[in-house]
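Colleague: Here it is, the structure, as structure tokens.
The values are calculated or read from the model by the stated rules, or taken from the named source; none is laboratory data. Quick caveat, the model's predicted, so the values are computed rather than measured. Here the Cβ positions follow ideal geometry from the backbone for every residue, glycine too, while neighbour counts run over all protein chains shown.
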Amino acid sequence: MTVDERFALVRSIGEECIQEEELRVLLDKKPEIFAYDGFEPSGRMHIAQGVLKSINVNKLTSAGVTFKFWIADWFAQLNNKMGGDLKKIKLVGEYMIEVWKAVGMDLSKVQFLWASEEINARSEEYWTLVMDIAIKNNLKRIIRCSQIMGRNDTDDLSAAQIFYPCMQAADIFFLKADICQLGLDQRKVNMLAREYCDDCKPKRKFKPVILSHRMMPGLKQGQEKMSKSDPESAIFMEDSEQEVKTKIKKAFCEPMVIENNPCIEYTEHIVLPYLGEFTVSKKDAEPTTYTDAAKLKEDYTSGALHPSDLKPALAEAINKILQPVRAHFENDPHAKELLKKVKALKVTR
């Protein structure tokens, strides 16, 4: 691919890119480029984290980028996920890797790195970075980053949770990440990392490019983000066919309105990129196959496509995507046992 083609492919991932020109230079000049995303193992995986992340990673690796998954086990412990039990957190991390394998993530240029192991192996380098970031920022600035943990700056945060943003900013430099490919909800700490580059003496020459993907809404009205703590608001990667059908049937889907409509969002950003097409069957009419979101949204806003037709088609498409994952967790003994244990765990906020 040409630089322009690689740029277009990588840029298509982000709802926001800071900065586009820096991304273009990176793709043109740097022989080996690293992108990263960190995740807290904190329960079952939903389709936004499973399918959407696979789509994004495959786009990056197709463009020649190496992707680093930072399995943030210590961070999950700091944030009291799974009750702060590190053994349970590690179990969930192993399960999540199995999901991505099963859903079709190209792992040829993907590295899974456990935070606890990597930090212990190079502890002096890591904690020196964390301390320097902490020294160069005041408490108010750090607390504003609490959104990255699913908190807000008015919550009663523990001392560990206040330290968390300094560690996450340090991860970027510790991993030598050129691209931060996380969700928009992680924007504040990524900006903290870019600002830190200017605070260093001498200044860090290359700032990490921030490529933030959109957040997938929950199934219920007004839910800006799919949440695993509310099982009825999320479709999980090993949900049964019937569970998917039931959840989609109940999903908020206002006729002729595409804004804040989860069914339209999932079709546009999950089904079409993954399957390449989306077919809707209607009573007394030939099926309609969409290959781009523009036509689908045009038909929906005009009323030519009704929720009663969209929803069953969406459920069928999602079930098609999830079937290899179900098969993997049914037929692979290790994966089956992992899922059984994960389902038995209590998810804590």
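Colleague: Do we have ILE264 as in a helix (DSSP H, G or I) and closer than 30 Å to ALA344 by Cβ here?
Modeller: No.
Colleague: Could you please find all residues in region 218-242 being crowded, with 16+ Cβ neighbours inside 10 Å and outside any loop (DSSP other than H, G, I, E, B)?
Modeller: Of everything in region 218-242, those that are crowded, with 16+ Cβ neighbours inside 10 Å and outside any loop (DSSP other than H, G, I, E, B) turn out to be PRO231, SER233, PHE236.
Colleague: In region 241-281, which residues are in contact with a strand residue (DSSP E or B) (Cβ under 7 Å, 6 or more places away or on another chain) and farther than 22 Å from MET215 by Cβ?
Modeller: Result: GLU277, THR279, VAL280, SER281.
Colleague: Across region 71-90, what is the total count of residues that are surrounded by fewer than 18 Cβ atoms within 10 Å (Cβ to Cβ) and aliphatic (A, V, I, L, M)?
Modeller: Residues that pass the stated criteria total 1.
Colleague: Which one of ILE119, ILE143 is of a type in the set (Val, Ile, Thr), at pLDDT below 95 and either in a helix (DSSP H, G or I) or within 17 Å of ASN80 (Cα to Cα) (or both)?
Modeller: After ruling out the rest, the residue left standing is ILE143.
Colleague: Report yes if some residue within region 294-307 is assigned to a helix (DSSP H, G or I) and among the polar types (S, T, N, Q); otherwise report no.
Modeller: Among the residues of region 294-307, at least one is assigned to a helix (DSSP H, G or I) and among the polar types (S, T, N, Q), which makes the answer yes.
Colleague: Name the single residue that is farthest from the chain's Cα centre (by Cα) among those in region 204-216 being among the basic types (Lys, Arg) and surrounded by 11 or more Cβ atoms within 10 Å (Cβ to Cβ).
Modeller: ARG204
Colleague: What is the one condition in (1) closer than 17 Å to LYS245 by Cβ; (2) touching a strand residue (DSSP E or B) at 6+ places or on another chain (Cβ under 6 Å); (3) part of a helix (DSSP H, G or I) that LEU314 does not satisfy?
Modeller: Answer for LEU314: the failing condition is (2).
Colleague: Further question: Going by the structure shown, is ASP185 assigned to a helix (DSSP H, G or I) and surrounded by fewer than 22 Cβ atoms within 10 Å (Cβ to Cβ)?
Modeller: In short, yes.
Colleague: Condition first: of a type outside the set (Asp, Glu), under 21 Å from LYS176 (Cβ atoms) and without any contact (Cβ under 8 Å) to a residue 24 or more places away in the chain. Can you find one or more residues in region 52-59 that meet it?
Modeller: No; the residues of region 52-59 include none that is of a type outside the set (Asp, Glu), under 21 Å from LYS176 (Cβ atoms) and without any contact (Cβ under 8 Å) to a residue 24 or more places away in the chain.
Colleague: Working only within region 148-202, note down all residues that are modelled with pLDDT under 90 and either among the basic types (Lys, Arg) or not assigned by TED's automatic domain parsing to the domain that holds LEU23 (or both).
Modeller: ARG151, LYS201
Colleague: Turning to a different aspect of this structure: Output the number of the condition that ALA335 fails; it satisfies all remaining conditions of (1) modelled with pLDDT of 95 or more; (2) in a helix (DSSP H, G or I).
Modeller: For ALA335, the failing item is (1).
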